[in-house]
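Written out below as structure tokens is the structure these notes cover.
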Amino acid sequence: MSGEEEENAAELKIGDEFLKAKCLMNCEVSLILEHKYEQLQQVSEDPMNQVSQVFEKSLQYVKRFSRYKNPDAVRQVREILSRHQLTEFELCVLGNLCPETAEEAVAMVPSLKTKGRAHSDEAIEKMLNDLSLVKRFE
Amino acid sequence: MFFHIVLERNMQLHPRFFGRNLRENLVSKLMKDVEGTCSGRHGFVVAITGIESVGKGLIRDGTAFVTFPVKYQCVVFRPFKGEILEAVVTLVNKMGFFAEAGPVQIFVSKHLIPDDMEFQAGDMPNYTTSDGSVKIQKECEVRLKIIGTRVDATEIFCVGTIKDDFLGVINDPAAAA
């Protein structure tokens, strides 16, 4: 139980297993789930009956909250964010929430400003700017 | 947050499923067994995306069943304390409101809603600021922070807050319409 007590995403305490795991942004999950759903559609007439409630709810959720729709944009976003020495978890929080200012980004991902990491406000601002460009040219 | 992780499971299979379709049978049983389940450790298993390996089967003593260790990749949804995410409001009452982020339910107590928002009863119960500019009601999209999780055998339940900078309503389809 002690592991659970310490859990805090703001300080990146999410357990070793998840810290090393690959995080997915909502838009990526959306691509994966839609692909899977299409496959189901080919083999059965009523695919909604085949899937679990968890699948259905997740699909609805990621469709609603995907910032980027087309696969190229999704790839670009991951590429831009991965240039900035972020952990997987931080990368996905930023990709999901698309903060507009550096202040907002730090409020969403407080670990950006922890000691020993060189994320200046300008660097963050630049990164957010690049992201909004992807969105605009999608 | 959604993750793509590799999990392992020992699958028991009856000999009547053996033959050249053994692998397919194993995979479809695996999907039936684990998709949609929830564990406190890994969260909700949303979908299996691939099989990494199927180990050697071991005959169970005393039964005809054979156990295969199967490693598979899957998409899981696991909420964390301190995580900020977006959710859809599903129910509003005088105690606070409930919101859903994918498979997980999040409760935001009245005490964790900004003090200037008051509860309004009626057909469409809601929380509204005194000047009426911000309204939380069913189907609203809110950004919230998870401050606590409770793990059951089959469900994860979260408590959230919107009483912080950059949290709160992001979009209200009813108001926009």
Could you size up the charge dipole of the range B:2-77 around its Cα centre, putting +1 on the beta carbon of Lys and Arg and -1 on that of Asp and Glu, and report it in debye to the nearest 20? 180 debye
For the range A:90-132 and the range B:1-62, compute the distance between their C-alpha centroids and round to whole Å. 38 Å
5 Å is the cut-off here: which amide hydrogens, built 1.01 Å from N in the peptide plane, fall below it relative to B:ILE51, excluding neighbours closer than 5 in sequence? B:GLN73
All other residues with a Cβ under 14 Å from the Cβ of B:PHE68 taken together, and with Lys, Arg as +1 and Asp, Glu as -1, what is their net charge? +2
Table column - 3J(HN,Hα) (Hz), the range A:119-133, Karplus curve with 6.51, -1.76, 1.60, x for Gly and Pro: 9, 6, 4, 5, 4, 5, 4, 4, 4, 5, 4, 4, 5, 5, 5
Pull out a ≥ b ≥ c, the square roots of the eigenvalues of the alpha-carbon gyration tensor of chain A, then state rounded if a/c is under 1.5, prolate if not and a/b is larger than b/c, and oblate in the remaining case. oblate
Among B:ALA64, B:THR37, B:PHE107, flag the residue with its Cα farthest along the positive direction of the charge dipole of chain B, charges on Cβ as +1 for Lys/Arg and -1 for Asp/Glu. B:ALA64
Charge dipole (debye, nearest 20) of the protein assembly as shown; +1 at Cβ of Lys and Arg, -1 at Cβ of Asp and Glu: 1160 debye
Which aspartates and glutamates, if any, have their Cα less than 18 Å from the Cα of B:LYS29, not counting same-chain residues under 8 positions apart? B:GLU8, B:GLU52
Would you look at the GNM of chain B, springs on alpha carbons closer than 10 Å, and say which of B:VAL66, B:VAL92, B:VAL45 moves the most? B:VAL66
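Please arrange B:MET124, B:MET31 by how many other C-beta atoms lie within 10 Å of their C-beta, fewest to most.
So the ranking, lowest neighbour count to highest, is B:MET124, B:MET31.
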Using only Cα atoms, tell me the angle between helix B:22-34 and the longest principal axis of chain B; keep it within 0 to 90° and round to the nearest 10. 30 degrees
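Could you sort out which of A:LYS113/B:LYS145; B:LYS94/B:LYS145; A:LYS135/B:LYS138 sit more than 23 Å apart by Cα distance in this structure?
The pairs that break the limit, which is 23 Å between Cα atoms, are A:LYS135/B:LYS138.
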Going through the cross-link list A:LYS22/B:LYS110; A:LYS69/A:LYS126; A:LYS69/B:LYS71; A:LYS13/B:LYS71, which pairs have a Cα-Cα distance over 28 Å in this structure? A:LYS22/B:LYS110; A:LYS69/B:LYS71
Expected max-MSF residue from B:ASP165, B:ASP33, B:ASP152 in the GNM of chain B (alpha carbon, under 10 Å) is B:ASP165
How large is the charge dipole for the range B:89-138, taken about the Cα centre, if only the Cβ atoms of Lys, Arg (+1) and Asp, Glu (-1) carry charge, to the nearest 20 debye? 160 debye
Give the order of B:PHE17, A:PHE55, B:PHE119 when sorted by the count of other beta carbons within 10 angstrom, beginning with the fewest. B:PHE17, B:PHE119, A:PHE55
Under a 5 Å amide H to amide H cut-off, with H placed in plane at 1.01 Å, what residues pair with B:ILE170 once short-range neighbours are removed? B:GLU141, B:VAL142, B:ARG143
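Every number here is computed from the coordinates shown, using simple stated rules; none is lab data. As the structure is a prediction and not an experimental result, all values here were calculated from the model. Note that we place each Cβ from the backbone using ideal geometry, even for glycine, and neighbour counts take in every protein chain shown.
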